[in-house]
Amino acid sequence: MRALQGLLNVVVGILTAVLGTVVGLLAAVVWVLGAVLCATILLIPLGLPVIKLGSRLFGLAKQLMHNP
């Protein structure tokens, strides 16, 4: 039983690491999109919330990739 639980912990750890990587890549794309929007002077009100969303996604990715 202990071996099965250890194997399950390894599989869950790998899945959360992969999910964290995917969320990190998505956060990078969202952050770059926000930066491009901010580069256009008229779209700064749209770009700032998008950059904030990207930062939150980076935080989520960090939490997912954290291995206790």
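I'm spelling it out carefully: the read-out is percent of Cα pairs over 21 Å apart, the candidates are [x] 37; [y] 42; [z] 25, and one was derived from this structure. Which label?
Correct label is [y].
Ignoring ligands, DNA and RNA, please state the percent of accessible area on the chain from carbon and sulfur, probe 1.4 Å.
78 percent
For VAL12 and THR40 in one chain, what is 0.36 nm times their gap in residues minus the Cα-Cα distance, to one decimal in nm?
Taking 0.36 nm per residue and subtracting the Cα distance, the gain is 5.9 nm.
When only Cα pairs under 8 Å and 6 or more residues apart are kept, what is the percent relative contact order across the chain?
About 40 percent, as a whole number.
With every protein chain present, what is the per residue accessible area of the chain (1.4 Å probe, Å²)?
I get 78 Å² per residue for this part.
Could you give the angle, 0 to 90 degrees to the nearest 10, between helix 44-65's Cα long axis and the longest principal axis of the Cα atoms of the chain?
Approximately 10 degrees, to the nearest ten.
Can you give the angle from 0 to 90° between the axis of helix 2-39 and the longest principal axis of the chain, with both taken from C-alpha atoms, to the nearest 10?
The helix 2-39 is inclined about 10 degrees to the chain.
The values are calculated or read from the model by the stated rules, or taken from the named source; none is laboratory data. Quick caveat: nothing in here was measured; it's all calculated off a predicted structure. Surface areas here come from the heavy atoms of the whole protein model, side chains and all, with no ligands, DNA or RNA. Shrake-Rupley method; radii C 1.70, N 1.55, O 1.52, S 1.80 Å.
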